[in-house]
Structures are given as structure tokens and as C-alpha cells.
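Below is one structure, written out as C-alpha cells, with a few remarks after it.
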Amino acid sequence: MKTHQAFTLIESLLVLLVVTLFIALPSIVIKDTKETLDVIHFFDHFEKNILATQQAAITSNKKTKMIQKDNTQQYYFYTDTIEKLDLPKDLRASRSKTLYFNSGSGNNSSLQNIHFYWDKNEQQITYRFLFARGHYEKNITSIK
């Protein structure tokens with residue numbers, strides 16, 4: 001009589017577990033990296049849109065503005081065109097008033113602060129507009 005050699009149930013399950021780990025781990029790491037990149041991408045576009053809105057006020061000699069919609073999830077930058085920027089799901093934002101940039105100078109007359117909260121990294125990101133300079137300071141603090 002011939003005997004067949006084969007894998008036992010335990011060996012088969014062990015191989016299945018190892019293969020599952022090799023497939024699952026990269027997808028988990030990629031998801032976390034994608035969420036972080038979405039937030040970094042948002043801040044990069046937010047800063048560029050503020051600068052473009054300010055420069056449009058200077059060059060076109062027309063008042064421009066940034067509006068945060070009521071649900072605090074969308075920002076609109078009004079120049080000659082309208083740029084929309086969506087807040088990533090990992091960020092929270094405080095409610096801010098409409099931000100105007102004066103024609104000719106590009107200065108912001110409201111001097112308000114814009115706060116974002118990134119709970120995953122335990123950070124608060126604040127944009128504070130400076131008086132009569134048209135620029136802002138970006139401040140990142142830890143929230144614990």
C-alpha cells in the first residue's frame with residue numbers, strides 16, 4: 001500500500017497566516033501614509049491659495065476673499081476665478097469669518113486666526129495674519 005505525503009492542517013493554516021500577513025501589512029501602512037499625505041497636501045494647497053488670493057488683490061486692484069462654508073469642510077478662494085479646497089477627514093477646523101484681502105496692498109484687515117486640529121498627530125495648526133504686512137505666521141503646537 002502506498003502512503004501519500006501531504007501537509008497537515010496546522011502547516012496549511014500556518015502558511016495561510018503568513019501569506020495573509022504579507023498582504024495585509026502593506027495595505028495598513030499605505031492607508032496611514034495616504035491619510036497623512038492628504039493632510040500635508042491640504043496645507044500646501046491652503047497656503048498656496050492664500051498667497052494667490054493675496055497676490056490677485058495686489059495685481060488686479062480688487063478686493064479678494066476666502067470663505068469657509070458653514071459646515072467648515074470647504075474653503076473657497078475668490079479671485080477672478082473660484083478655487084475650492086476640501087478639508088481632509090483627519091482634520092477639524094474652527095469656524096472662521098470671511099477673510100478679505102484689500103485691493104492694491106493685499107493686506108488682511110481682520111487679523112483673525114485660523115485654527116486646524118489634527119487629532120491623529122495631536123497637533124493644532126494656527127495661521128495668524130500679521131498687521132499691515134499681508135503675511136501670516138504658521139504655528140504648530142502639541143495638544144495633549
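Rule-based calculations on the coordinates, nothing more; no lab input. Keep in mind that this is a model prediction, so the values were computed, not measured. Cβ placement follows ideal geometry from the backbone for every residue including glycine, while neighbour counts extend to all protein chains displayed.
Work through the residues other than K31 whose Cβ is under 15 Å from its Cβ and net out their charges, Lys, Arg +1 and Asp, Glu -1. Each step should come with its number before you reach the end.
Details: positive: K34, K89, K120; negative: D32, E35, D38, D90.
Net charge around K31: -1.
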Within-11-Å neighbourhood charge of Q112 [Cβ basis; K, R +1; D, E -1]: +3
Within the set F46, F101, F22, GNM on the chain using Cα springs under 10 Å gives the largest fluctuation to F22
Listed pairs K84/K144; K48/K138; K48/K84; K34/K65 exceeding 24 Å between Cα atoms: K84/K144; K34/K65
Taking N as the residue count of the range 35-142, its alpha carbon Rg divided by 2.2 N^0.38 Å gives 1.04
Using a Gaussian network model of the chain whose springs link C-alpha atoms within less than 10 Å, name the residue from T59, T20, T79 with the highest mean-square fluctuation. T20
Along each of its three principal axes, how wide is the spread of alpha-carbon positions in the range 1-68, in whole angstrom units, largest first? 97, 17, 13
For the range 35-142, what's the relative contact order in percent, using C-alpha pairs closer than 8 Å and at least 6 residues apart? 21
Give the angle, between 0 and 90 degrees and rounded to the nearest 10, that separates the Cα long axis of helix 9-60 from the longest principal axis of the Cα atoms of the chain. 10
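Hey, any idea what the orientation-averaged projected area of the convex hull of the range 64-120's Cα atoms comes to, in nm²? It would help to have the intermediate numbers written out before the result.
Numbers: hull surface 16.9 nm².
Taking the Cα atoms of the range 64-120, their convex hull projects to 4.2 nm² on average.
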Among the aspartates and glutamates, select those whose C-alpha is under 12 Å from the C-alpha of K120, and discard any that sit fewer than 8 residues away in the same chain. D32, E35, D90
FRET efficiency estimate (nearest 0.05) - Cβ-Cβ, I23 to Q74, R0 25 angstrom: 0.10
Spin-label pair I140/K63, simplified geometry with 7 Å Cα→Cβ offset, distance in nm: 3.5
HN-Hα J in Hz across the range 93-99 - Karplus 6.51, -1.76, 1.60, θ = phi - 60°, x for Gly and Pro: 10, 7, 6, 10, 7, 4, 9
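Test of understanding: what is the full-extension gain from L13 to K31, defined as 0.36 nm times their sequence separation minus their Cα-Cα distance? Before the final figure, lay out each step's value.
Details: separation 18, 0.36 × 18 = 6.48 nm, distance 2.68 nm.
That works out to 3.8 nm of additional length.
Got a sec? How would K48, K34 order by Cβ neighbour count within 10 Å, fewest to most?
K34, K48
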